[in-house]
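Presented below is the structure to which this report refers.
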């Protein structure tokens, strides 16, 4: 699948990019991996981490806002994984135009440059916050998702295909609740702040996120939004899994925060199909057809189906969470 391929990862020095690079090198024999990002120090650190593979990895300083630099970086590239984004909800609220430049204009630059450079596949990473968005970050990612899906109309007559993978906060990733709780506990905190005792989330690891991208690379025909079937948990159970004796204090939901994560909205149920380990949302656009794009084996979900963390069939309890916390890397 990725043997002898040249793969470019935007935002490649982030948690996903590093794990994706690690997995590619372990499981495939790529021709070249290009790490495309803005931070020279993070590239230096990543180069040290993957020093033994220096003959396979190239590091490009660049921003997805810079179309000319993207165009140059995409020379000879077969597959693009688009992970670059401004993701912090408060930062996007305070800097909305900057979020638009990166998350929307950057997506446009990826699409146009990939088509012009004859890239085979582009897989864009999305988020639960793009579903019925209530904050600017989610709104920009909704637009980004729609741009990548519609990019298949722009690429008609070329070999370039665009698809999207969607998941929520990765367990233990920087800025998520696990490192936040861990820091408080390490500093001797006697209570943990819970925004709402009813709050639920999906559990997904970096490896599961990478698996979903691998699946999209392997089978996508263009226009799909992939969603993993993953378990849910309550925030209160997570806190107790980290310290069973800790006191919990409800502090109220923050601006732009949702009570539950939603991966498939009711409005998307009419074109959503269920597979063994995933849901796929297909587009409602005139270029898409069952004959040329549909992936075999899917079963149409019921109309008005919603895939949300509070309505899930699979749940992690405190003991499950304790075991899973031991197996993840926590990024501060």
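Every read-out reported here was derived from the displayed coordinates using simple, explicitly stated rules and does not represent laboratory data. Since the structure is predicted, the reported quantities are computational estimates derived from the model, not experimental observations. No Cβ is skipped: glycine too gets one built from the backbone with ideal geometry, and neighbour counts run over all protein chains shown.
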Handout entry: Hull shadow area, averaged, the range 1-142 [alpha-carbon convex hull, nm²]
Key = 8.4 nm²
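Indicate the gyration tensor shape class of the range 1-76 (rounded, prolate or oblate), computed on the Cα atoms with a ≥ b ≥ c the square roots of the eigenvalues: a/c under 1.5 is rounded; otherwise a/b larger than b/c is prolate and the rest oblate. Walk me through the intermediate numbers first.
Details: a/c = 1.89, a/b = 1.24, b/c = 1.53.
Taking the square roots of the gyration eigenvalues as a ≥ b ≥ c, the range 1-76 is oblate.
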Problem - For the range 39-80: span of alpha carbons on each principal axis (Å, largest first) - result: 30, 22, 13
Practice task
Evaluate E = 1/(1 + (r/R0)^6) for residue 299 and residue 208, where r is the Cβ-Cβ distance and R0 equals 25 Å; express this FRET efficiency to the nearest 0.05.
Solution key: 0.70
Practice task
Can you tell me how much longer the chain between residue 31 and residue 219 gets when fully stretched, taken as 0.36 nm per residue apart minus their C-alpha distance, in nm with one decimal?
Solution key: 65.6 nm
Completion exercise
Of 176-185, 274-283, ordering from highest average Cβ density within 10 Å down gives 274-283, 176-185
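Starting from the Cα gyration tensor of the range 122-184, take the square roots of the eigenvalues, sort them a ≥ b ≥ c, and report rounded, prolate or oblate (rounded when a/c is under 1.5, otherwise prolate if a/b is larger than b/c, else oblate).
Values: a/c = 4.77, a/b = 2.29, b/c = 2.08.
Cα axes put the range 122-184 in the prolate bin.
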Practice task
Please give the peptides 52-58, 133-139, 32-38 ranked by average Cβ packing (other Cβ atoms within 10 Å per residue), highest first, as a rough proxy for protection.
Solution key: 32-38, 133-139, 52-58
Problem - Per-pair calculated FRET efficiency, R0 = 41 Å: residue 245 and residue 159 via Cβ, rounded to 0.05 - result: 0.10
Handout entry: Virtual spin-label span in nm between residue 253 and residue 98, 7 Å along Cα→Cβ
Key = 2.7 nm
Handout entry: Label-to-label distance, nm, for residues given as residue 317 and residue 198 (7 Å Cα→Cβ offset)
Key = 2.4 nm
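Calculate the translational D of the range 175-243 in whole µm² s⁻¹ from Stokes-Einstein, where the hydrodynamic radius comes from the Kirkwood formula applied to all Cα pairs, the temperature is 25 °C and the viscosity 0.890 mPa s. Mind showing how you got there, number by number?
Working: Rh = 14.4 Å.
Answer, rounded: 170 µm²/s.
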Completion exercise
Kirkwood calc, the range 80-210, C-alpha pairs only, radius in angstrom 16.4 Å
Practice task
Over all directions, average the projected area of the Cα convex hull of the range 57-122 and note it in nm².
Solution key: 4.6 nm²
Handout entry: Max mean-square fluctuation residue, GNM over the chain, Cα-Cα springs under 10 Å, options 121, 300, 161
Key = 300
Practice task
Consider just the alpha-carbon atoms of the chain and return their Rg together with their Dmax, both in angstrom.
Solution key: 19.8, 62
Fill in the blank from the handout: Using alpha carbon centers only, the range 176-216 is separated from the range 47-87 by a whole-angstrom value of 28 Å
Exercise for the section: For helix 106-116, report the angle its Cα long axis makes with the longest principal axis of the Cα atoms of the chain; keep it between 0 and 90° and round to the nearest 10°. Expected result: 30 degrees
Handout entry: Rg and Dmax [Cα atoms of the range 175-305; Å; Rg one decimal, Dmax integer]
Key = 18.9, 60
Exercise for the section: Once every Cα of the range 219-274 carries one equal point scatterer and solvent is ignored, give the base-10 log of I(q)/I(0) from the Debye formula at q = 0.17, 0.22, 0.27, 0.28 Å⁻¹, two decimals. Expected result: -0.81, -1.02, -1.23, -1.26
Fill in the blank from the handout: Inter-part gap, Cα centre of the range 1-20 to Cα centre of the range 243-301, in whole angstrom, is 24 Å
Problem - Pairs of Cα atoms farther than 15 Å apart, the range 233-304, % - result: 69 percent
Practice task
Could you work out how far apart the two model spin labels at residue 265 and residue 112 are, taking each label as a point 7 Å from the Cα in the direction of the beta carbon, and quote it in nm?
Solution key: 2.7 nm
